[in-house]
Amino acid sequence: MKVYLRDRITAGFGIGVLVVLVAVSYYYSIRAEIEANQAFIDRDSPDFIARNVSVTEFNPDGTANRRLFAEYAEHFADGRMSSIKPRMVTLSVDEPQVRATADTGQSMDDGETFLFNGNVVVTRAGDLKDPPMRFTTPHATVYPDTSVLESDAPVVLEHGEDVTTGIGITLDNVDRTVNIHTNVKSIFAPRRDN
């Protein structure tokens with residue numbers, strides 16, 4: 001039996017076609033499996049849920065920076081977070097303690113910013129230089145990394161016995177400054193001589 005070159009070419013071509021068919025079949029089976037697994041991921045379902053949460057953030061040197069609490073919290077695969085009754089407390093021993101509370105909290109960017117909604121109350125303890133401070137607003141945006149809080153809503157600020165109202169606020173806890181944006185009205189309590 002003689003094997004001709006044409007028979008070898010035909011056999012090689014047949015084997016090549018079979019290899020291509022096997023590779024394409026394998027590719028589509030893997031792709032179908034990946035798509036099937038992705039179909040099971042529900043983007044609107046949280047990847048974890050927690051109740052009575054307490055999270056402590058630390059500085060690079062290992063000292064506690066702030067503690068976050070929530071009665072209920074959800075985290076989603078795309079970085080969204082939501083919480084009920086969130087609270088934040090600073091833990092620095094060198095600065096007056098700041099506390100922030102709200103009815104609900106939400107972050108769309110994995111904690112870079114938080115939107116506090118409903119009965120937002122922020123307090124800063126007094127020290128030798130400044131009396132205690134407290135302000136309330138319907139909603140506020142918190143930037144944890146820079147210790148800045150902003151709101152464009154009506155605000156009531158109590159600084160010691162003085163009361164200031166207005167629309168919009170920027171609080172910088174690092175510089176310890178408060179800027180009320182518009183419609184500012186202040187009532188200053190009489191100063192007592194020591």
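Scanning the chain for GluC sites (Glu not before Pro) lying in DSSP loops with no more than 14 further Cβ atoms inside 10 Å, the longest uninterrupted stretch between such sites is 1-111. Comparing mean-square fluctuations of Ile169, Ile34, Ile84 from a GNM of the chain with C-alpha springs under 10 Å, the top value falls on Ile34. If you wrap the range 113-153 in the convex hull of its Cα atoms and look at it from every side, the mean projected area works out to 3.3 nm².
Sorted largest first by accessible area at a 1.4 angstrom probe radius, with every protein chain in place, the residues Tyr26, Tyr72 fall in the order Tyr26, Tyr72. For the range 63-110, the direction-averaged projected area of the alpha-carbon convex hull comes to 3.9 nm². Accessible surface of the chain, 1.4 Å probe: 57 percent of it comes from carbon and sulfur atoms. For the chain, the solvent-accessible area with a 1.4 angstrom probe is 69 square angstrom per residue.
Under the criterion of Cα pairs below 8 Å and six or more residues apart, the relative contact order for the range 1-152 equals 12 percent. Helix 5-40 axis versus longest C-alpha principal axis of the chain: approximately 30°, rounded to the nearest ten. Since only Gly118, Ser92, Ala70 are under comparison, the one whose Cα sits farthest along the positive direction of the charge dipole of the range 1-149, derived from C-beta charges on Lys, Arg, Asp and Glu, is Ala70. Please identify, among Ser25, Ser83, Ser107, the residue showing maximal mean-square fluctuation in a Gaussian network model of the chain using a 10 angstrom Cα cutoff. Of Ser25, Ser83, Ser107, the Gaussian network model singles out Ser25 as fluctuating most. Here mean projected area of the Cα convex hull in nm² was calculated from the structure, and among (i) 12.4; (ii) 10.7; (iii) 20.6 it sits at label (iii). Please identify, among Arg51, Arg66, Arg31, the residue showing maximal mean-square fluctuation in a Gaussian network model of the chain using a 10 angstrom Cα cutoff. Highest fluctuation among the options: Arg31. The charge dipole of the chain, taken about its Cα centre with unit charges on the Cβ atoms of Lys, Arg (+1), Asp and Glu (-1) only, comes to about 620 debye. Ordering Thr101, Asn179, Ser25 by the projection of their Cα atoms onto the charge dipole of the chain, which places +1 on the Cβ of Lys and Arg and -1 on the Cβ of Asp and Glu, puts Ser25 at the extreme positive end. Among the trypsin sites (Lys or Arg not before Pro) found in the range 107-160, those both in a DSSP coil and sparsely packed, with 13 or fewer other Cβ atoms within 10 Å of their Cβ, are Lys129. Over all other residues within a Cβ to Cβ distance under 11 Å of His159, the charged ones net out to -2, with Lys and Arg as +1 and Asp and Glu as -1. Please give the net charge around Phe135, taking every other residue with its beta carbon less than 10 angstrom from that of Phe135, where Lys and Arg add +1 and Asp and Glu add -1. Result for the local shell: +1.
The values are calculated or read from the model by the stated rules, or taken from the named source; none is laboratory data. These numbers come from a predicted model, not from an experiment. Reconstructed Cβ throughout: ideal geometry from the backbone, glycine too, with neighbour counts over all protein chains shown. For the accessible areas, the whole protein counts, side chains as well, though only heavy atoms, and no ligand, DNA or RNA atoms are used. Shrake-Rupley method; radii C 1.70, N 1.55, O 1.52, S 1.80 Å.
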